[in-house]
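As structure tokens, the structure follows; a few thoughts come after it.
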Amino acid sequence: MQVKHIHHVAVICSDYARSKHFYTEILGFPIIRETYRAERQSYKLDLQVSATEAIELFSFPDPPARPSRPEACGLRHLAFAVADLEAAVQDLAAKGVVLEAIRLDELTGKRFVFFQDPDGLPLELYED
């Protein structure tokens, strides 16, 4: 088996309207489709990240809490590549997003910064 690329990442949110606003209006991901599944009382929002990758944003009634620190066991964080880290940080900060200090990846020499989605999911911008 040879994996070609990541197809999608699924994120479960606690407040669908708040997370939909964050991912579409703050981060700017275009909506591919939005589906309400009545039998599950759940929305599924497909968001375009790139030509080959997407985010599936789900809502479920009363989802359990999950550790969100970047060093928690399991999925550590989602990282998005950006060409201009300074411009991306300024854009998010102007939209009210709180970001950590920009760091330097000692292995690659590239800069990156962490922030969180509305549910505390660690997100990263990585200068590419």
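Every number here is computed from the coordinates shown, using simple stated rules; none is lab data. Everything numeric here is computed off the predicted structure, so don't read it as measured data. Please note: Cβ atoms are built from the backbone with ideal geometry, for glycine as well, and neighbour counts cover all protein chains shown.
Quick look at the values:
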| quantity | calculated |
| --- | --- |
| Two-decimal log10 I(q)/I(0) for segment 55-117, as the Debye equation yields it once each C-alpha is a single scatterer, q = 0.11, 0.12, 0.22 Å⁻¹ | -0.35, -0.41, -1.13 |
| Cβ-based charge dipole, segment 1-64, positive-most Cα from Tyr16, Leu27, Ile55 | Ile55 |
| Bridge type composition, the chain - antiparallel percent by DSSP, nearest 5 | 65 percent |
| All Cα pairs of the chain, percent lying beyond 20 Å | 49 percent |
| Formal net charge of residues neighbouring Ile55 (Cβ-Cβ distance under 13 Å; K, R +1; D, E -1) | -2 |
| Residue order, fewest to most surrounding Cβ atoms within 10 angstrom, among Ile55, Ile6 | Ile6, Ile55 |
| Student exercise, the chain dipole from Lys, Arg, Asp, Glu Cβ charges, in Debye to nearest 20 | 360 debye |
| Distance between segment 12-52 and segment 86-113 - C-alpha centres, whole angstrom | 24 Å |
| Under 16 Å from Lys20, Cα to Cα: aspartates and glutamates that are on another chain or at least 8 residues apart | Glu34, Asp46, Glu56, Asp117, Asp119 |
| Positive-end residue of Gly109, Gly120, Val98, charge dipole of segment 66-128 with Cβ unit charges | Gly120 |
| Anchor Lys4: aspartates and glutamates whose Cα lies under 14 Å away (excluding residues fewer than 8 positions away in-chain) | Glu53 |
| Likely footprinting exposure, Leu78, Leu123, fewest C-beta neighbours within 10 Å first | Leu78, Leu123 |
| Cross-link partners of Lys110 among aspartates and glutamates (Cα-Cα below 14 Å; sequence separation of 8 or more within a chain) | Asp84, Glu86, Glu124, Glu127, Asp128 |
| Helical contribution to [θ] at 222 nm, DSSP H n ≥ 4, -39,500 (n - 2.57), averaged over the chain, rounded to 500 | -3500 deg cm²/dmol |
